[in-house]
1. Of all residues in the stretch A:421-442 being facing chain B (nearest Cβ under 10 Å) and at pLDDT below 90, which is surrounded by the most Cβ atoms within 10 Å (Cβ to Cβ)?
2. Would you mention how many residues in the stretch B:97-114 are exposed (fewer than 15 other Cβ atoms within 10 Å of the Cβ) and either in a loop (DSSP other than H, G, I, E, B) or among the hydrophobic types (A, V, I, L, M, F, W, C) (or both)?
3. Answer yes if at least one residue in the stretch B:186-205 is assigned to a helix (DSSP H, G or I) and either within 14 Å of another protein chain (Cβ to nearest Cβ) or within 30 Å of residue B:244 (Cβ to Cβ) (or both), and no otherwise.
4. Can you tell which of A:328, A:337 is among the hydroxyl-bearing types (Ser, Thr, Tyr), closer than 17 Å to residue A:78 by Cβ, buried (at least 21 other Cβ atoms within 10 Å of the Cβ) and at pLDDT below 95?
5. Within the stretch A:186-208, is even one residue assigned to a loop (DSSP other than H, G, I, E, B), closer than 24 Å to residue B:263 by Cβ and touching a strand residue (DSSP E or B) at 6+ places or on another chain (Cβ under 9 Å)?
6. Hey, could you check the stretch A:96-130 for residues that are in a loop (DSSP other than H, G, I, E, B) and within 11 Å of chain B (Cβ to nearest Cβ) and say which is nearest to residue A:336 (Cα to Cα)?
7. Quick check on the stretch A:390-409. Is at least one of its residues within 13 Å of another protein chain (Cβ to nearest Cβ), surrounded by fewer than 22 Cβ atoms within 10 Å (Cβ to Cβ) and over 14 Å from residue A:218 (Cα atoms)?
8. Can you confirm whether residue B:35 is more than 8 Å from chain A (Cβ to nearest Cβ), farther than 30 Å from residue B:264 by Cα and either of a type in the set (A, V, I, L, M) or assigned to a helix (DSSP H, G or I) (or both)?
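The values are calculated or read from the model by the stated rules, or taken from the named source; none is laboratory data. The shown structure was predicted, so the numbers you read here are calculated from the model rather than taken from an experiment. Neighbour counts are summed over all protein chains in view; Cβ atoms, including those assigned to glycine, are modelled from backbone coordinates with ideal geometry.
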Amino acid sequence: MTTSTRRPHRTTAALACAAAVALLAGACTGSSEGGAKDDASKDTTITFWHGWSQPSEVKAISDNIAAFEKLHPNIHVKVVKNVTDDKINQALRAGGSDAPDVVSSFTTDNVGKFCASGVWADLKPFLAQSHIDPATTFPAAMADYTQYNGNRCALPLLGDAYGLYYNKDAFKAAGIASPPKTLSEFDADARKLTKATANGYSRLGFMPDFHGYESTPTHFLGQWGATYFDKNGKSDLAADPAVSAMFQWQQKLVADLGGFQKLEKYRTGFGDEFSEKNPFETGQVAMAIDGEWRTANLKADGVTFDWATAPFPVPDDQAATYGRGYQTGTIIGIARTSQKQNAAWELVKYLATDTDAVVSFANAIHNVPSTFAALKSPKVDQDPNFRTFLDIAGNAHSSTTPASINGGAYQVSLQNFGYKYESGQVPDLKAGLAGVDKEIDAAIAQAQ
Amino acid sequence: MAALLPVPAALRAKRRREAVRTLAFLSPWLIGFAVFFGYPLVSTLYFSFMHYDGFAQPTFSGLKNWRYVLTSYPFFWQGVRNTLWLVVVMVTLRVVFGLGVGMLITKIRTGAGFFRTAFYLPYLAPPVAATIGFAFLFNPGTGPVNHLLGTLGLPQPGWFTDPSWSKPALTLLALWGVGDLMVIFMAALLDVPREQYEAAELDGAGAWQRFRFVTYPNISPIVMFAVVTGVIQTLQYYTQALVAGKVASGIIGNSGQQFEPGYPQGSTWTLPQMVYSLGFQRFDYGSACVVALLLFAVAMAFTALLLRRRSGLMGAED
């Protein structure tokens, strides 16, 4: 019975193969470590990966790098443009000589993972050594979204602030003298500006649906200053009155402007958000919540009506906080695997904290500067419509979405709930939000 | 088995040499299979029992990932339902439509070349471009399809923006690109012996009986092939569902932007999208591996079930 004696051998061999593959799988998870043992005063070359791709953006980065190399003639920077987050993560996982030393990412939500996993180096020792206090250098929201649970692994590299864009011609025609400051004024203006037709609208005052491009739950919640998590890191959407208030306000406005179905049908006629077919640019909506970049788009696209910007209105019971807004932005840090972390820090410090560098980069790509000094700099774009966003960025009440261990998963959960709620699928708001809390907590527990 | 005779040493050596030679010829495939299938499969199984975020070293977590996916992850069962819906409806309609178009074109006397090309060309369109095009054509507010339906006094569905219509809209997109199946069915139909039709006609068989007793038995292996490959492809359905959801939701996908998977209301959320989202957006590679393994198991089960019908695979005369 030769076969009967071979079977155990085959089984053993198969198991051994499987174990070997499993060991290989475990070994292919990257483990190289870097360090801050390099001498930043010696001649060295570091690599910087970023995601910008437009010629004007790439030129702005190159100009800043040239200025940095002039200041630090011994540090040469190899810049790699247009790198996606997936590529950056892969490189950080693998390490090695081809991996970047300095990385930037547009995915601010991933700060929690970058910091908690240690894949982005802790910047606290570097900040201390350079006598930089994040609390006095960066606006509060920006300082907040670049750290996770006290672990600061990133710095803000320019920011985005959200405010109100309004059609001045439409305001004039509707007899509205100034932009609204409270949500009750805003709702009244939205109704006045809306021109309904039998099947839709010839113009809508404001698109409140959560799919209306930037009119997302998290952007609106910036006006209430929601905290999202309690002191123990548990989701507190149901317990936070700001969250319920925002959903109730949105639901009322949806109803006032014609109802969800009618608004959704109108929304499907909107063009691409980042083109001249944007509904605010085409006049399909008279007011919009949007980021500071739209000021440049509106000029470049040559819109034919008169427009202006203002902070987005705040709840009536928080009128004193008018001027606040939601903030996010690009982040920059040092790869854990970098062997040249001291030299890398010099570049990070320069790009994120040197006032001239921050201002020139902000002016070039029409983003908000990310330091207090740059926000106050006379060299920063002084266009009054852009100025609105500088003020929002510097406002102490402005807020952001906090970093989480599993990226922006909690925001997706909240968004999904918002879509159900606005379409009338969730009759009990409190119970619905409690369900979202449970979902978020389970996902975070799974990620830890 | 007491009758087993000792094998002469020379014969054993010859068999060994033959085995080595066979293995040598098979080695390119074997290496490819081991590297690109065996290794990823075992790694996926390994990671499904590990807590792994893609950065730190994986740690053993037992059945935690399996429990999370099957009991706590809110989108899993919705993804299963959507994927199964697409498997049942989309695959069935594609096979029926592909066969129907193939039969029609084989019967056309004039202009067959034109129709063959016209039906095949959409299959060559890149999936992303085709889906974006469809999303614009079926845009409920500005698309020509609803404009036409409105002109004819017919209801105007929300298509990719309506959870009830999003999967049917994706099915229409799949039917538009049915050229691959049409070509395969045409080749099979043209291979059916003409004399069998003539004999059936002499016996008084009508059109349906000729299809039932002559055409189908001859092309059944091809039908089975279309179903098996269709099921596997549909279980891997990713690009069209993702692009349609993004375009219709208005979120084209700026870097760093959170987006709702499976717009509208999770109705286009499929298991392959879940694998990407869990692994690369939530940094939960363990759970992503669980979904990938379940997907693999379902694909294997479907395929095994269909392949058990040996007669279907081998044809009537076998």
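1. Per the criteria, the residue is A:423.
2. Filtering the stretch B:97-114 for residues exposed (fewer than 15 other Cβ atoms within 10 Å of the Cβ) gives B:100, B:104, B:107-114.
Now narrow it down to the ones that are either in a loop (DSSP other than H, G, I, E, B) or among the hydrophobic types (A, V, I, L, M, F, W, C) (or both): B:104, B:108-112, B:114.
Matching residues across the stretch B:97-114 total 7.
3. As a first pass, look at the stretch B:186-205 and keep what is assigned to a helix (DSSP H, G or I): B:186-190, B:194-202.
Next cut, either within 14 Å of another protein chain (Cβ to nearest Cβ) or within 30 Å of residue B:244 (Cβ to Cβ) (or both) only: B:186.
Checked against the condition, which is being assigned to a helix (DSSP H, G or I) and either within 14 Å of another protein chain (Cβ to nearest Cβ) or within 30 Å of residue B:244 (Cβ to Cβ) (or both), the stretch B:186-205 yields at least one hit.
4. Details: A:328 fails: closer than 17 Å to residue A:78 by Cβ.
Checking each option against the conditions leaves just A:337.
5. Taking the stretch A:186-208 first, the residues assigned to a loop (DSSP other than H, G, I, E, B) are A:194, A:197-200, A:207-208.
Within this subset, residues satisfying the condition of being closer than 24 Å to residue B:263 by Cβ are A:199-200, A:207-208.
Okay, now just the ones that are also touching a strand residue (DSSP E or B) at 6+ places or on another chain (Cβ under 9 Å), so A:207.
Yes, the stretch A:186-208 contains a residue that is assigned to a loop (DSSP other than H, G, I, E, B), closer than 24 Å to residue B:263 by Cβ and touching a strand residue (DSSP E or B) at 6+ places or on another chain (Cβ under 9 Å).
6. A:119
7. Looking for residues that are within 13 Å of another protein chain (Cβ to nearest Cβ), surrounded by fewer than 22 Cβ atoms within 10 Å (Cβ to Cβ) and over 14 Å from residue A:218 (Cα atoms), one finds none in the stretch A:390-409, hence no.
8. Numbers: more than 8 Å from chain A (Cβ to nearest Cβ): yes; farther than 30 Å from residue B:264 by Cα: yes; either of a type in the set (A, V, I, L, M) or assigned to a helix (DSSP H, G or I) (or both): yes.
So residue B:35 fits the description; yes.
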